[in-house]
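Following: one structure in structure tokens, then a few remarks.
The values are calculated or read from the model by the stated rules, or taken from the named source; none is laboratory data. Note that the structure is a prediction, hence the values are computed from the model and not measured. We place every Cβ from the backbone using ideal geometry, glycine too, and count neighbours over all the protein chains shown.
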Amino acid sequence: MSTQKQTHTDTHTPARTGGAAGAGRASTTATRLAALGRAELTLLGRNRNNLFIAVLMPLLMIFLMRTSLKGVDEATLGIPLSAATVIGGTGTVLLLVVYMSLTSSLVARREELVLKRLRTGEATDAEILAGSALPGTAIALAQCAILTVGGFTLLNADAPTRPDLLILGMLGMIALLVGLAAVTTSITRGVESAGLTTLPLFLVSAFGSGLFVPRDALPGLAADLSDLLPLSGVMEFVRAGWLGTAQSGSLLTAALNTVAWAVLTGWAVRRWFRWEPRR
Amino acid sequence: MTDEARTPATEHQAPAAEAPAIEATDLKRGYGGGFEAVRGLTFSVARGEVFALLGTNGAGKTSTVELLEGLAAPSGGTARVLGHDPYRERGLVRPRIGVMLQEGGFPSDLTVAETIRMWAGCTSGARPTGEALAAVGLTGREKVRIKQLSGGERRRLDLACALLGRPEVLFLDEPTTGLDAEGRRDTWELVRALRDQGTTVLLTTHYLEEAETLADRLAIMHRGRIVLSGTPAEVTAAQPARIRFTLPAHVPAAHLPTRLRAAADGTRIEIRTHALQDDLADLLGWAREHGVRLGGLDARSASLEEAFLDIASRTEDTDAPAAPKETAAR
């Protein structure tokens, strides 16, 4: 438009730093994920609530959990206190940083019509969801790494016996949580209610899937029922990764649980996920 | 795809360079609850053409555009953009089109430059940020957060994103709604410039002036159907001209010459005609002969506005032109 013609002196700076911008090349899954993830990370840094949930809450929760577990003797706990802390801590970090903050940011993007706008572009639906989840995932993984090193050095926990199982469990948990966050947005009307709608999964997992209370400490029937909870399967892999003591058949149950919940979640996302606000 | 039987001729051709930019065949879109927003649209837009979909709110313009953009699958009929199904072959279509929704959405905490950068990462062959912003007059606003932009500036940013990949086909859903007069003129200039460069533009609007000045061809939609289409001149020419006046109280409408197909609403008379000059001469002759004074006499040629208002006033279920309510004068 001719009305605001200005000099081009500073206009090329953003283009140069923008990577894909100005290069004139085709967009790929990688450039799209990077662009969406970068924007989401910027937004996370500017949102005090989400930043608090993603950075301070995990620390606070792990501290709280450890304090309360200290009062329980190891026989009741079933596993060493240090192991209970790192295992439960890993789950807690992922749940808070991946699930809770993603739910609220997806709702915010939906209500601002950002998701709908993005869907008119080249990014696929899966890329939009994955791109939104990237910053939370990266932060969560960094925190898990700190927890692992910290547990090893400060809490005298043993190193993970089966790192392969640990990583498998964590990746499975992240994928499942991204899907569950997407499902949760469909019952969340606005950002303010995200705290409430994410609570059920948080509580059920904290006490039933071994985040706050090791599942070894649950009484018989409760322990059996807790096998069915959404995060019990992936948490079993995390636990096995740390302790290397999977009971026979328990990993099979865990795998079945994970696959079942993954299928159910995927179906629910397709069925109920909304890309634009309800009018 | 599934409709080979219906359109064998086009279906078997490879999507050649000659395929129309946009092609809708008996396009339908139903929503849950049985409401059908788009009820069998057929039209095509040639490459390099500016095509306007006109209609009142609720006519089905946005529902139609969303089908062509590939945001939803039609419940019937077919949509083709650049020879491809925009929904099933979105990967082929999206890099070549630009879209501006009626209500755009950008994260309110991002700056203008960050938004363009995000969009550029998702766009093949994206222009440099500076160029994109200069095109819509947002130069110098790079560091401003979206939430601090005015409504008009947001529309311009939205437009900048739609233009970022130098699209061959551009969809603009009410691009100037919410803009002031100057912003509207700037957008028109931009659309004309794009057309001159060969870009195909499909825009929706409820501003008649916009359709009339910008569009090579237009279609007027009403209740999910196209009721009139053609060049602005053709659409106007199809409409009758109109004569309006008020008769003195003591002259019944029935005294008017029968040849003038007049409709009366009390003493107010309206004549619709395709022979304005002849009918007007007859009317004035009759008035002079009988010494009748015609109050508020107003005769005007057909205009797009007339066509539009006529269509917009049509009732719920009939697609017949609404006659002024009353008894036809004999």
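Residue-by-condition table, conditions (1) among the aromatic types (Phe, Trp, Tyr); (2) modelled with pLDDT under 90; (3) under 30 Å from A:Ser132 (Cβ atoms):
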{"residue": "A:Ala181", "(1), (2), (3)": "no, no, yes"}
{"residue": "A:Thr184", "(1), (2), (3)": "no, no, yes"}
{"residue": "A:Val191", "(1), (2), (3)": "no, no, yes"}
{"residue": "A:Leu221", "(1), (2), (3)": "no, yes, no"}
{"residue": "A:Asp227", "(1), (2), (3)": "no, yes, no"}
{"residue": "A:Val238", "(1), (2), (3)": "no, no, yes"}
{"residue": "A:Ala246", "(1), (2), (3)": "no, yes, no"}
{"residue": "A:Trp267", "(1), (2), (3)": "yes, no, yes"}
{"residue": "A:Trp272", "(1), (2), (3)": "yes, no, yes"}
Just for the stretch B:83-139: of the residues that are surrounded by 19 or more Cβ atoms within 10 Å (Cβ to Cβ) and at positive phi, which one is farthest from the other protein chains (Cβ to nearest Cβ)?
-> B:Gly83
Please work out if B:Gly125 is more than 26 Å from the chain's Cα centre (by Cα), in a loop (DSSP other than H, G, I, E, B) and within 24 Å of B:Ala21 (Cα to Cα).
-> yes
Go over the candidates A:Thr31, A:Thr42 one by one and state the one that is at the interface with chain B (Cβ under 9 Å from one of its Cβ atoms), touching a Gly at 6+ places or on another chain (Cβ under 9 Å) and at pLDDT 85 or above.
-> A:Thr31
Does any residue of the stretch A:58-76 turn out to be more than 21 Å from A:Leu231 (Cβ to Cβ) and within 14 Å of another protein chain (Cβ to nearest Cβ)?
-> no
For B:Leu163, state whether it is among the aliphatic types (A, V, I, L, M), touching a strand residue (DSSP E or B) at 6+ places or on another chain (Cβ under 6 Å), away from every other protein chain (no Cβ under 11 Å) and in contact (Cβ under 8 Å) with a residue 24 or more places away in the chain.
-> yes
Here is a list of conditions, (1) at pLDDT below 90; (2) of a type in the set (Asp, Glu); (3) more than 14 Å from A:Thr85 (Cα to Cα), and A:Glu127 meets all of them except one; can you say which number that is?
-> (1)
Single match in A:Thr153, A:Thr148 (criterion: touching a residue at least 24 places away in the same chain (Cβ under 8 Å), more than 14 Å from chain B (Cβ to nearest Cβ) and polar (S, T, N, Q)) | A:Thr148
Restrict the check to the stretch A:113-120 and report whether at least one residue is away from chain B (no Cβ under 14 Å), assigned to a helix (DSSP H, G or I) and buried (at least 17 other Cβ atoms within 10 Å of the Cβ).
-> no
Of the criteria (1) of a type in the set (S, T, N, Q); (2) touching a residue at least 24 places away in the same chain (Cβ under 8 Å); (3) out of contact with any strand residue (DSSP E or B) (no Cβ under 9 Å at 6 or more places or on another chain), which one B:Gln197 fails = (2)
Test result for B:Ala19, over 21 Å from A:Arg119 (Cα atoms) and modelled with pLDDT under 95 = yes
Residues being of a type in the set (D, E, K, R) and closer than 20 Å to B:Gly55 by Cα: count how many of those fall in the stretch B:177-197.
-> 1
Taking into account only those residues within the stretch B:123-146 that are among the small types (Gly, Ala, Ser) and in contact (Cβ under 8 Å) with a residue 24 or more places away in the chain, which is nearest to B:Val93 (Cα to Cα)?
-> B:Ser124
